[in-house]
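Note sheet for the following structure.
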Amino acid sequence: MAGEKARPRPLVAGNWKMNGLRSALAEAKAVADALAARSAPCPADVLICPPATLVMVMSEILKGTPVAIGAQDCHTEVSGAHTGDLSAEILVDAGATAIIVGHSERRADHDETDNYVHAKQRAVLRSGCLSIVCIGETAGQRRAGQTLDVVVRQLERSLDEGSTSFNTVIAYEPVWAIGTGLTPTVEDVAEVHAAIRDRLTSRFGDEGLAMRILYGGSVKPQNARELMHVPNVDGALVGGASLKAADFLGIIAAYG
Ligand code: PGA
């Protein structure tokens, strides 16, 4: 439409969390096969972030398909004495092209602070991967009317100065909407995404305008179309509904 700003290409990203044995590779393959069989080009960038154990094999199986493979977390350092951790560089070597940082489950389970998330994002940028930086308020913070303050503060502190629309995606995920079947109203999503866009453009100028802002939290095929067409929503970060190919494809179908 004349005068309408060009929107970034949407990204639909699946976060498998701590789910996925090798038998689940068939679901990822089914997503790739269905997208490849479309007569029209895939309407969105598509990413699956399986457990780290599946990154390498999945990236090999899905090589050359429209589905990219990512990881769910990384350490801040390149290498060294950090038993059990994985660096961004190790994940890239395994085939990851994107890494999620600052997911609320990691912030809660591992006491990750905004500063720590920032260091992790810097590590992702160092590795050349796409960083997906998660922010979002708790139920209590929303009830207390603190949503915009919390989200903007997390954004300010978690996001590195070197962020661009090519290396960074923001994921707004209200903590209370994750895995609960609850979602904010479209008005609430629009309000938060507009506030995020505002901060991004005041900090990064045109790059902030082009940076993708995903919505996450109980996105399903049934609500995807409505949520994905809210202004400043440039895709989805999907947990539970990314585990089954049919559901994940149903969400991607929100883009046509
Ligand atoms: P959900 O999880 O889609 O299962 O609510 C979203 C997320 O945590 O990324």
Practice prompt. Specify which residue in the list Ala139, Ile170, Pro184 is farthest towards the positive end of the charge dipole of the range 129-197, using unit charges on the beta carbon of Lys, Arg (+1) and Asp, Glu (-1), about the Cα centre.
Written response: Ala139
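Determine the order of Arg9, Arg143 by accessible area, beginning with the largest, at a probe radius of 1.4 Å. Don't skip to the answer; put the middle values down first.
Working: Arg9 110, Arg143 195 Å².
Highest to lowest solvent-accessible surface, that is Arg143, Arg9.
So, by mean Cβ neighbours within 10 angstrom, what's the order for 179-189, 63-73 with the highest one leading? Before the final figure, lay out each step's value.
Details: 179-189: 14.5, 63-73: 19.7.
For the peptides 179-189, 63-73, the packing ranking is 63-73, 179-189.
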Worksheet entry | Neighbourhood charge, 14 Å Cβ-Cβ cut-off, centred on Tyr116 and excluding it, Lys, Arg +1 and Asp, Glu -1 | -3
Worksheet item: Using Cα-only point scatterers and the Debye equation, what is log10 of I(q)/I(0) for the range 65-212 at each q in 0.18, 0.20 Å⁻¹, rounded to two decimals?
Response: -1.07, -1.26
Worksheet, complete the sentence: Kirkwood Rh for the chain from C-alpha pairs, in Å, is 18.1 Å
Worksheet entry | Computed helical MRE - 222 nm, the chain, DSSP H runs ≥ 4 contributing -39500 (n - 2.57), nearest 500 | -12000 deg cm²/dmol
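Taking the mean number of other Cβ atoms within 10 Å as a proxy for protection, how do you rank 145-154, 118-127 from highest to lowest?
Values: 145-154: 16.5, 118-127: 21.3.
For the peptides 145-154, 118-127, the packing ranking is 118-127, 145-154.
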Item to complete: Among Ser23, His118, Thr83, pick out the residue whose Cα is farthest towards the positive end of the charge dipole of the range 14-169, where Lys and Arg carry +1 and Asp and Glu carry -1 on C-beta, about the Cα centre.
Response: Ser23
Item to complete: Evaluate the charge dipole of the chain about its Cα centre and quote only its size in Debye, nearest 20, assuming +1 on the Cβ of each Lys and Arg and -1 on the Cβ of each Asp and Glu.
Response: 480 debye
Practice prompt. With +1 on each Lys and Arg Cβ and -1 on each Asp and Glu Cβ, and nothing else charged, work out how big the dipole of the range 104-212 is about its Cα centre, in Debye to the nearest 20.
Written response: 200 debye
Discussion item. What whole-number distance in Å separates the alpha-carbon centres of the range 197-250 and the range 32-90?
Written reply: 18 Å
Discussion item. Please report the accessible area of Asp33 (heavy atoms, 1.4 Å probe, ligands and nucleic acids excluded) in Å², nearest 10.
Written reply: 80 Å²
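The values are calculated or read from the model by the stated rules, or taken from the named source; none is laboratory data. This one's a predicted model, so the numbers in the text were calculated from it and none came from an experiment. Every residue, glycine among them, receives a Cβ derived from its backbone with ideal geometry; neighbour counts consider all protein chains shown. Keep in mind that these areas ignore ligands, DNA and RNA; they rest on the heavy atoms of the full protein, side chains included. Shrake-Rupley method; radii C 1.70, N 1.55, O 1.52, S 1.80 Å.
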